[in-house]
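In what follows, a structure is listed as structure tokens, so that the remarks can point back to it.
The values are calculated or read from the model by the stated rules, or taken from the named source; none is laboratory data. Just so you know, these numbers come straight off a predicted model, no measurement behind them. Note that we place each Cβ from the backbone using ideal geometry, even for glycine, and neighbour counts take in every protein chain shown.
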Amino acid sequence: MRALPSPRPAGRLLLLCLVWLVVPGAAAGESLPGLTVREGLESRELSLAEVERGGLHHLVMRHPEGPVGRFSGVWLDDLLADQGLDEARRVRFIAHDDYTTFLTPEQRREKAYLLLTRLDGEPIPLEALGPFMLVVPDDLEAVLAGTEPMTRWIWAIREISIR
Ligand SMILES: Nc1nc2c(c(=O)[nH]1)N[C@H]1C(S)=C(S)[C@@H](COP(=O)(O)O)O[C@H]1N2
Ligand SMILES: [Mo]
């Protein structure tokens, strides 16, 4: 019996072209990155559906950074409760641009933080500061007026790190 022939150079080239075409296409299309939840050494990736399991709320607004429309999102505390993480002493957010902020339990009690997951019913594209963005709906007017800082309105979130 002869061994199966290994792919010839032309076949390999074709395979490479396919990977080169398909991989960036998948990244730019429907499948936006999920949300990583890290707890110490453990990390898991939540899909959009898992993030939204805490229940969606809707908000029509112009985000101070530009994106405008009907946003939908889940209250941060509902998401944390759904994930069994409501006792977290520190909830850190890390963005795709590596910007990072964190919230203490006191800060989460002071203000209601909404984690936006959709814009006009669709996952928030990266160009619109998605896939996940944190806002304080009660502070919207003050932030737009410039009387309230928006340091914790972190956008393009890729990871929530708990401790
Ligand atoms: N992902 C991400 N979110 C962010 C930032 C950032 O650089 N990246 N800057 C933060 C800061 S410090 C403020 S004041 C507001 C507005 O940021 P800007 O003034 O740099 O636009 O967004 C916050 N959220
Ligand atoms: Mo800032």
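Assorted remarks:
- Single residue of A95, A128 found to be over 10 Å from the mean Cα position of the chain (by Cα), within 16 Å of ligand 1 (Cβ to nearest atom), hydrophobic (A, V, I, L, M, F, W, C) and under 15 Å from H63 (Cβ atoms): A128
- Out of A142, A112, sole residue that is in contact (Cβ under 8 Å) with a residue 12 or more places away in the chain and either within 16 Å of ligand 2 (Cβ to nearest atom) or closer than 19 Å to V51 by Cα (or both): A112
- Residue in segment 135-148 that is farther than 15 Å from S72 by Cα, of a type in the set (S, T, Y) and within 15 Å of ligand 1 (Cβ to nearest atom) present: yes
- Residue match in segment 88-95 (condition: at pLDDT 95 or above and within 16 Å of ligand 2 (Cβ to nearest atom)): yes
- The single condition from (1) under 15 Å from L32 (Cβ atoms); (2) more than 16 Å from ligand 2 (Cβ to nearest atom) that A156 fails is (2).
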